[in-house]
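The structure appears below as structure tokens.
The values are calculated or read from the model by the stated rules, or taken from the named source; none is laboratory data. This is a predicted model, so every value here is computed, not measured. Neighbour counts run over all protein chains shown; Cβ positions are idealised from the backbone, glycine included. Side chains are part of the model used for accessible areas, which takes the heavy atoms of the whole protein and leaves out ligands, DNA and RNA. Shrake-Rupley method; radii C 1.70, N 1.55, O 1.52, S 1.80 Å.
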Amino acid sequence: MQISDTQLDLVNRQIERLLSSNNFYGQRLREAGIGGVDSREAFASLPFSSKQDLRDAYPLGLAAVPEEKIVRIHSSSGTTGTPVIVPYTAKDVEDWAIQFARCYEMAGITSADRIQITPGYGLWTAGIGFQAGAERLGAMAVPMGPGNTEKQLQFMVDMQTTVICATSSYALLLSEAIEKRGLRDKIALRRGIIGSERWGEKIRRRINEGLGIESFDIYGLTEIYGPGIGISCSEGEGMHVWDDFIYVEIIDPETGENVPDGEWGEIVITTLVKEGAPLIRFRTHDLSRIIPGPCPCGSPFPRIDTIRGRSDDMFKIHGVNVFPRQVEEVLALFPQLSSEYQVRLSHLEGRDTMRIYVETDGTQDFLDTADAVAHEFKSRIGFTPLVKVVELGVLPRSEKKTKRVFDERYE
Ligand code: ZN
């Protein structure tokens with residue numbers, strides 16, 4: 001997806017703002033002697049920015065406007081180390097709400113809907129983004145925040161909420177609770193906006209059936225506004241992104257080069273109109289691809305595919321880049337396996353070895369399963385791993401970003 005002339009003009013305005021503020025990226029541009037970009041090639045040679053840059057700028061070094069223009073901050077909760085603080089101007093807050101309202105509209109939600117919001121409020125960008133988008137749309141927001149399932153169910157029934165906003169794990173929990181209490185015909189849900197965890201088709205079906213909804217995947221990250229910069233449409237093939245607010249590139253995480261449309265790689269985002277904390281070529285570490293061609297839904301906005309893991313989980317072995325989604329595709333062929341896995345790469349006796357741990361429900365012989373998985377790997381990815389089959393529930397799970405690949409080759 002090549003950058004358009006309009007987008008290039010916007011990038012140049014962002015560059016001007018960064019240079020005059022002299023924040024970390026402004027300094028980087030100045031050191032590189034860059035005053036603007038006049039072509040796609042010039043854009044592609046702009047330096048990347050990273051989460052570490054943002055941490056280094058803690059607390060307010062990201063700001064590209066005078067402090068009196070900043071109306072709010074949000075913070076991404078790094079699991080370790082310094083958090084990232086993102087300052088927003090009044091226009092940034094408004095632009096985010098505009099994008100979020102667009103997401104609701106893409107999902108067929110109108111001002112007549114009642115939107116129950118279960119993501120958290122606070123420093124985190126989740127709840128407040130869902131809220132501002134709902135208000136911008138003119139819908140009725142029911143700002144529950146997370147947890148307290150009994151109260152969630154009570155409001156779902158009494159308020160007859162029509163839209164549920166949740167993570168996939170919480171939506172699943174709600175649907176099970178509704179089933180257990182026999183509330184299915186007392187609720188009025190019709191749509192679900194599901195936050196950007198990874199979740200498979202199996203879980204989606206269970207949630208859709210359990211809650212009686214059509215569900216949509218929403219995309220976003222705190223560093224770039226928050227959730228709401230893209231959403232799936234009723235065609236269910238990828239997520240549209242708002243390319244008047246952001247420009248999305250896909251790069252090879254190893255080389256940093258752009259990959260052709262349709263190929264998988266890491267999402268890199270440039271904000272086009274952000275004031276408080278403009279970001280140029282920010283590496284998200286989310287893995288996706290541009291879906292080429294127009295969407296059957298008729299929307300002119302470009303599409304990226306459903307996020308399939310993190311580039312930190314991509315690895316190279318025997319000269320082949322292996323993406324987590326390829327591993328998942330192999331495992332999905334075996335009904336006796338769960339979707340959990342763990343890859344360990346080691347260097348033994350002069351050669352690289354991959355061990356993969358997979359979980360089985362025990363309905364098939366462990367050794368037969370291991371052989372079949374190894375064979376499938378060989379035919380699809382090109383080499384044979386050592387497959388270790390373990391019992392269901394043995395591999396670690398976490399709510400977010402479970403680490404699945406351990407590279408022990410150079411330790
Ligand atoms: Zn579409």
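Accessible area per residue for the chain in Å², computed with a 1.4 Å probe and the full protein assembly in place, what is it? Present the calculation step by step, with values, prior to reporting the outcome.
On the way: 18430 Å² over 411 residues.
Heavy-atom accessible area per residue stands at 45 Å².
At the residue level, R380 shows approximately 120 square angstrom of accessible surface with a 1.4 angstrom probe and all protein chains present.
Here are some pairs, K180/K388; K202/K316; K51/K91; K51/K378; K274/K403; K316/K378; which of them have Cα atoms lying more than 25 Å apart in this structure? Over 25 Å Cα-Cα: K180/K388; K202/K316; K51/K378; K274/K403. Selection among V84, I115, F216 by position relative to the dipole of the chain gives I115 as farthest towards the positive end (Cβ unit charges, Cα centre). Computed from phi, the 3J(HN,Hα) profile of region 262-276 under the Karplus parametrisation 6.51, -1.76, 1.60 (θ = phi - 60°) reads x, 8, 7, x, 8, 6, 10, 10, 10, 7, 9, 9, 6, 9, x Hz, with x in place of Gly and Pro.
Rounded to the nearest 20 debye, the dipole magnitude of region 1-145 is 280 debye, with +1 charges on Lys and Arg beta carbons, -1 on Asp and Glu beta carbons, and the Cα centre as origin. Compactness of region 251-370 was expressed as the Cα radius of gyration divided by 2.2 N^0.38 Å, which yields 1.35. In region 89-310, the portion of solvent-accessible area held by carbon and sulfur atoms comes to 51 percent [1.4 Å probe, whole percent, DNA, RNA and ligands not counted]. Would region 202-315 count as rounded, prolate or oblate if I go by the C-alpha gyration tensor, calling it rounded below 1.5 in a/c and otherwise prolate when a/b exceeds b/c, oblate otherwise? Here region 202-315 falls in the prolate category.
Dipole check for region 148-232: with +1 at the C-beta of Lys and Arg, -1 at the C-beta of Asp and Glu, and the Cα centre as origin, the magnitude is about 220 Debye.
Here the dipole of region 286-396 is about 540 debye; that uses its Cα centre as origin and unit charges on the Cβ of Lys and Arg (positive) and Asp and Glu (negative). Just need log10 I(q)/I(0) for the chain at q = 0.11, 0.13, 0.14 Å⁻¹, Debye formula, equal scatterers on the alpha-carbon atoms, no solvent, rounded to two decimals. Log10 of I(q)/I(0), two decimals: -0.90, -1.21, -1.34.
Which one, I98, P253, F366, projects farthest toward the positive side of the charge dipole computed for the chain from Cβ point charges (K/R +1, D/E -1)? Positive-end residue among those listed: I98.
For region 277-332, the residue among P292, F323, G309 whose Cα projects farthest onto the positive side of the dipole built from Cβ charges is P292.
Where both bridge residues fall in the chain, DSSP classifies roughly 60% of the beta bridges as antiparallel. Could you check what % of the DSSP bridge pairs in region 268-411 are antiparallel, to the nearest 5? Here the antiparallel bridges make up roughly 65 percent for region 268-411.
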